[in-house]
Amino acid sequence: MSKKVTVNLFDITWHQTKCQRLSDTLDEFKRLPLDQRWRDDIRLDTITKVPADALRKLPERYHLNFTKRRDIGPGKLGTKAPISDIHLQKDEDFGEETAAIYVPSKKILLVLHNQNGIGPSRMMAYCNALDPGTNRYFDYVAGPRLESNIQTRLQGMRNFLSVEITTTVDALQASADGVAMTLAQASSAASAKKITVALSANETRKRTNFLSAAKAIQFVKSMSRQGDDVTLLKVKGEDPTTGLKDQVIDLLKHKVKQSFSANELDVQNHRYTEKSRLWLLDRALRTWI
């Protein structure tokens, strides 16, 4: 069985009166030289504004290629030789790439999943940091698009009984959600990197209390934006669309995404080419427009 790659779909939101359009921010980054685009360990290497293509039925979009610096990388392995160092220049590091497409007319972001790359939350944090230390503050947020029926069920769910989550502590802190921050602080004393927790309103076999619906939904939404750092996210409650109680929604299973064979990507010098990765994103975009 060939390896699969996944394209995930996200909706981008921001404060309309206090924050400029994301496309304007991308244009500003593009005008900066590469050495001035670093924000912590992330740099947006490729920013290409692609005109609409009526023949292929594609809208105007931005082709993006993010890079994350890695201090520690792999070794070089020969068939008949032991693993050895890959020698880099003094000012060089390893880099992980993540390709994405932003469509201004739809305010959607498509991301080609890379387990070691940059997730949508860090992409938005990067864009929010366009002008660090100035009076310009941006608040771009990438929220995963859920299947329409699941979104309806989640919005209408009431009498929340529990929320289960497995995630990194870093993701809890990055979410800026009150419940998540409390969990992160509670686990910090043990130097935990990852946490699995169930927030339950009742003891076993009892059903007299419920979680705060507003806080539960806010927590779930904030954590669903943290990308691949969250590996389990389930809610349990009463589903008004069916009238059934004790219904469980596994949000990670219902994100809008597409899978492709990795064989559709071109490989040169042991790397997937940027051109083929963006081509695959364009292909996924056509099915969502």
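Some points to look at:
- Among the residues of this structure, residue 211 counts as one that is surrounded by 14 or more Cβ atoms within 10 Å (Cβ to Cβ), hydrophobic (A, V, I, L, M, F, W, C), assigned to a loop (DSSP other than H, G, I, E, B) and touching a Phe, Trp or Tyr at 6+ places or on another chain (Cβ under 7 Å).
- Scanning the range 262-279 for residues that are within 17 Å of residue 110 (Cα to Cα) and either of a type in the set (Ser, Thr, Tyr) or in contact with a Phe, Trp or Tyr (Cβ under 6 Å, 6 or more places away or on another chain) (or both) gives 265, 276.
- Subset of the range 149-160 (residues that are open to solvent by 20 Å² or more (accessible area, probe 1.4 Å) and over 19 Å from the mean Cα position of the chain (by Cα)): 149, 152, 153, 155, 156, 158, 159
- The condition (being within 18 Å of residue 41 (Cβ to Cβ) and not hydroxyl-bearing (Ser, Thr, Tyr)) is satisfied by just one residue among 68, 76: 68.
- Odd one out for residue 220 among (1) more than 24 Å from residue 60 (Cα to Cα); (2) among the hydrophobic types (A, V, I, L, M, F, W, C); (3) within 23 Å of the chain's Cα centre (by Cα); (4) surrounded by fewer than 17 Cβ atoms within 10 Å (Cβ to Cβ): (4)
- For the range 13-36, the set of residues classified as touching a strand residue (DSSP E or B) at 6+ places or on another chain (Cβ under 8 Å) and either open to solvent by 40 Å² or more (accessible area, probe 1.4 Å) or at pLDDT 95 or above (or both) consists of 13, 22, 23, 26, 27, 29, 30, 34, listed by residue number.
- Boolean, residue 146 is over 19 Å from residue 41 (Cβ atoms), within 19 Å of the chain's Cα centre (by Cα) and in contact (Cβ under 8 Å) with a residue 60 or more places away in the chain: yes
- Some residue of the range 90-99 being open to solvent by 80 Å² or more (accessible area, probe 1.4 Å), modelled with pLDDT under 95 and of a type in the set (Asp, Glu): yes
- Residues located in the range 37-58, provided they are surrounded by fewer than 16 Cβ atoms within 10 Å (Cβ to Cβ) and either in contact with a Phe, Trp or Tyr (Cβ under 9 Å, 6 or more places away or on another chain) or closer than 16 Å to residue 285 by Cβ (or both): 40, 45, 48, 49, 50, 51, 52, 53, 54, 55, 56, 57
- If you go through the range 193-207 and keep only what is among the aliphatic types (A, V, I, L, M) and surrounded by 14 or more Cβ atoms within 10 Å (Cβ to Cβ), you end up with 195, 197, 199, 201.
- Selection status of residue 180, assigned to a helix (DSSP H, G or I), farther than 30 Å from residue 61 by Cβ and of a type in the set (A, V, I, L, M): yes
- Residue in the range 214-230 that is more than 25 Å from residue 12 (Cα to Cα), assigned to a helix (DSSP H, G or I) and free of Cβ contacts under 8 Å to residues at least 12 places away in the same chain present: no
- Selection count, the range 121-140, where residues are of a type in the set (Asp, Glu) and either farther than 20 Å from residue 173 by Cα or touching a Pro at 6+ places or on another chain (Cβ under 9 Å) (or both): 1
- Residue list for the range 164-187, filter: among the polar types (S, T, N, Q), open to solvent by less than 70 Å² (accessible area, probe 1.4 Å) and more than 16 Å from the chain's Cα centre (by Cα): 187
- Condition check for residue 234: open to solvent by 50 Å² or more (accessible area, probe 1.4 Å) and either under 19 Å from residue 215 (Cα atoms) or not in a strand (DSSP E or B) (or both): yes
- The range 105-136, residues that are of a type in the set (Ser, Thr, Tyr) and closer than 14 Å to residue 22 by Cβ: 105, 126
- All positions within the range 100-124 that are part of a strand (DSSP E or B) and over 12 Å from the mean Cα position of the chain (by Cα): 101, 102, 103, 108
The values are calculated or read from the model by the stated rules, or taken from the named source; none is laboratory data. Note that the coordinates shown come from a computational prediction; the quantities given were computed from them, not determined experimentally. So basically every Cβ, Gly included, is an ideal-geometry build from the backbone, and we count neighbours across all protein chains shown. In case anyone asks, the SASA skips ligands and DNA or RNA and just uses the protein heavy atoms, side chains included. Shrake-Rupley method; radii C 1.70, N 1.55, O 1.52, S 1.80 Å.
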